[in-house]
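Okay, so here's the structure we're looking at.
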Amino acid sequence: MSDTLRPNSSDDNQGAQPLYVPIKRRSFFMYAGATAGATALLLTGCKDDDDSSIDAKTTVDVGVGDVGVLNYAYALEQLEAAFYAEVLKGGYFTGLAPAAAERQIFADIALHEQIHADFFKTALAGNAIKALTPNFSAINFGDRTSVLTSARAFEDLGVAAYNGAGRFITDPKFLVVAGKIVSVEARHAAIIRDLITPNSFVANDVIDFSTTSATARQERSKLPAEVLAVANTFLAESSKVSAKSLV
Amino acid sequence: MKLLSLLDRLSTADAPAAAAPRRDLLHRLGQAGARAAVAALPLAAALPAQAAPTDTTLDAILLLLKLEDMLVALYTQALASPALAGAAQAAVRPDFERMLRHQQGHAQFYRTTLLTAGLTPPAAPRFDFSGRRNNAGNPELFPNVLNDYNAFLQLAQQLEDASASIYLNQVAAFATDRQLRDVVLRTQLVEARHASHVRTLRRTATASVAVKSWPSNADVVPSPAVVVPSPAGASTPPVSIYSFEANEVQLVSATTAVPFLAVLTGATAVQFVALSEAFDEPLPTAQANALLNIFG
């Protein structure tokens, strides 16, 4: 990919030089991420067409505008779909009785998440980010508690992510589609929470219980940077996701 | 609409664009262009069933306020009635007390929004969940809702599902107002969590009913069902609110459907019911108003 990188005279600067030397690109990237100032250097040193080339190996940026928001959603749906696909293969799920309610619930959610991921992939077409490689080494798929608490984390994260990203959407068509999907994510989050503790479907950690604040009795939201910091802990080194423009 | 013309007068006599956010809201609420902008949404072109969202933001707020008032009334009345007051329901009372607090918070938000925009919020109607419209001479559409836990749950499920769907459709009316839109989106999710929970309660009740936590074509169909006018017109019989949920086709443009059958393979080989389960669907404004008018 490095052969597609090229000097850009107008933005040329010392900090960007290593970009043209493939062998040092990784070390430059680590350096650039170390401080905000250096990150700015990276951004000014790379034109749009350069970004994808660099990001392909080290990290994945979702892009700008509505495409950025949809890719952001696609990344999270990919992660969720991969998680539930692993759940279906793990000892906790395979050990459930054939008629167990939890078996039906996880089988259904796995399908929903795969459908969501496929929806975004199709909607984004050529603009879609690559297929991400997850890293679920922190999750014990043979253990009910580990699976349920991880599922709760993914679902609540997904809902908070949509809440925090809605403001970046400009095309109302995407707003409604995202709403149709996140509405089902909220239903997932509620049942997973109820499986852990009955009547915890909207505990105080997901709803702002203030009666006076501007967000009283609404779902909490998280900005992309907060969400991705968590999501990236479940992604392989080659698949770390960033959303530099969604701030 | 009286309120709207009042609003128009207020907004034309109003201060500069840099005024306080609430005044800004008032200005935007009264924008004459809002109607046209909403009607021109690409989604409207893509989905004929939702092709006529002619609401302004104010219409949407009034609709959502009535919806929240209805849910407040449902839980207030049920908590004071045999449906939830019996010893057998002691374990689930906190669930409904919690949902009631949410709905009260939502209703209060819309009232405050209207008040700060200089409007007098309408009082909550006197809701009647028997379907008799406060007239004992009318036929009882939903018997025993306040006397029987299972009858109550069945209606609560339909109204919470409808609430999530009504919100989804109204989101478009807030397209130009990001602050309000943010609130509406987030409130919608609380309604979706409620709906999921009520469905879970039905499934786990002593008299268990086979419903999933999301609307599914595999659900046991509610009877009596809450019905609304068919989108096909007045000459067609009314339809269940779940007829909108049954949609299995998702469009990525006006004419292109996502080919799920082609992309879903292997371990997650497609099951048709999952296609409609995976998306909650909007309930159009005409149907939403008709639903609210059944009860108040």
Legend entry - Qualifying residue in segment B:115-125 (condition: in a helix (DSSP H, G or I), of a type in the set (S, T, N, Q) and assigned by TED's automatic domain parsing to the domain that holds B:SER223): yes
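So if I check each of B:ALA269, B:ALA262, B:ALA278, which one is under 25 Å from the mean Cα position of the chain (by Cα) and either modelled with pLDDT of 90 or more or not assigned by TED's automatic domain parsing to the domain that holds B:ASP69 (or both)? Explain how you work it out, then say what you get.
Values: B:ALA269 fails: under 25 Å from the mean Cα position of the chain (by Cα); B:ALA262 fails: under 25 Å from the mean Cα position of the chain (by Cα).
Just one listed residue meets the conditions, B:ALA278.
Between B:PRO143, B:PRO222, which is surrounded by fewer than 16 Cβ atoms within 10 Å (Cβ to Cβ) and either in a helix (DSSP H, G or I) or in contact with a Ser or Thr (Cβ under 9 Å, 6 or more places away or on another chain) (or both)?
On the way: B:PRO222 fails: surrounded by fewer than 16 Cβ atoms within 10 Å (Cβ to Cβ).
Step by step, each of B:PRO143, B:PRO222 is checked, and only B:PRO143 is surrounded by fewer than 16 Cβ atoms within 10 Å (Cβ to Cβ) and either in a helix (DSSP H, G or I) or in contact with a Ser or Thr (Cβ under 9 Å, 6 or more places away or on another chain) (or both).
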Legend entry - Out of B:VAL183, B:VAL171, sole residue that is over 21 Å from A:ASP108 (Cα atoms), open to solvent by 10 Å² or more (accessible area, probe 1.4 Å), in a helix (DSSP H, G or I) and among the β-branched types (Val, Ile, Thr): B:VAL183
Legend entry - Single unsatisfied condition, B:THR200 versus (1) surrounded by fewer than 16 Cβ atoms within 10 Å (Cβ to Cβ); (2) farther than 28 Å from B:ARG132 by Cα: (1)
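Yes/no matrix, rows are residues, columns are (1) among the aliphatic types (A, V, I, L, M); (2) under 24 Å from the mean Cα position of the chain (by Cα); (3) within 24 Å of A:VAL62 (Cα to Cα):
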{"site": "A:TYR74", "(1), (2), (3)": "no, yes, yes"}
{"site": "A:GLN78", "(1), (2), (3)": "no, yes, yes"}
{"site": "A:PHE83", "(1), (2), (3)": "no, yes, yes"}
{"site": "A:THR94", "(1), (2), (3)": "no, no, no"}
{"site": "A:GLN104", "(1), (2), (3)": "no, no, no"}
{"site": "A:ALA107", "(1), (2), (3)": "yes, yes, no"}
{"site": "A:GLN114", "(1), (2), (3)": "no, yes, yes"}
{"site": "A:ASP118", "(1), (2), (3)": "no, yes, yes"}
{"site": "A:LYS121", "(1), (2), (3)": "no, yes, yes"}
Inset, instruction - Have a look at B:ALA117, B:ALA85, B:ALA90 and point out the one that is farther than 22 Å from B:ALA195 by Cβ, more than 14 Å from every other protein chain (Cβ to nearest Cβ) and open to solvent by 50 Å² or more (accessible area, probe 1.4 Å). - result: B:ALA85
Legend entry - Which listed residue is of a type in the set (Lys, Arg), open to solvent by 50 Å² or more (accessible area, probe 1.4 Å), at pLDDT 95 or above and under 23 Å from B:ALA60 (Cα atoms), from B:ARG126, B:ARG101: B:ARG126
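One residue is enough: does segment A:57-79 have a residue meeting the conditions modelled with pLDDT under 50, in contact with a Ser or Thr (Cβ under 9 Å, 6 or more places away or on another chain) and in a helix (DSSP H, G or I)? Talk me through it step by step, then tell me what you get.
Step one: list which residues in segment A:57-79 are modelled with pLDDT under 50, which gives A:57.
Imposing the further condition that a residue be in contact with a Ser or Thr (Cβ under 9 Å, 6 or more places away or on another chain) reduces the set to A:57.
Those left that are additionally in a helix (DSSP H, G or I): A:57.
Yes, segment A:57-79 has at least one match.
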Inset, instruction - Provide a single number: the residues in segment B:226-258 that are of a type in the set (A, V, I, L, M), open to solvent by 30 Å² or more (accessible area, probe 1.4 Å) and closer than 24 Å to B:PRO139 by Cα. - result: 3
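Restricting attention to segment A:143-154, which residues are open to solvent by less than 30 Å² (accessible area, probe 1.4 Å) and either out of contact with any Asp or Glu (no Cβ under 6 Å at 6 or more places or on another chain) or at pLDDT below 90 (or both)? Reasoning before the result, please.
First pass over segment A:143-154, keeping only residues open to solvent by less than 30 Å² (accessible area, probe 1.4 Å): A:146-148, A:150-151, A:154.
Residues satisfying the conditions are A:SER146, A:VAL147, A:LEU148, A:SER150, A:ALA151.
Which of the residues belonging to segment A:101-114 are of a type in the set (A, V, I, L, M) and either open to solvent by 30 Å² or more (accessible area, probe 1.4 Å) or under 14 Å from A:ILE192 (Cα atoms) (or both)?
The initial filter retains those residues of segment A:101-114 that are of a type in the set (A, V, I, L, M), namely A:101, A:105, A:107, A:109-111.
Listed by number, the residues that qualify are A:ALA101, A:ILE105, A:ALA107, A:ILE109, A:ALA110.
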Inset, instruction - Answer with yes or no whether B:ALA151 is more than 16 Å from B:LYS66 (Cα to Cα), open to solvent by 10 Å² or more (accessible area, probe 1.4 Å) and within 14 Å of chain A (Cβ to nearest Cβ). - result: no
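The values are calculated or read from the model by the stated rules, or taken from the named source; none is laboratory data. In this text the structure is predicted, and so the values were computed from the model without any measurement. In this analysis, Cβ positions are derived from the backbone assuming ideal geometry, glycine residues included, and neighbour counts consider all displayed protein chains. Note: accessible area is taken over every heavy atom of the protein model, side chains too, but ligands, DNA and RNA are not part of it. Shrake-Rupley method; radii C 1.70, N 1.55, O 1.52, S 1.80 Å.
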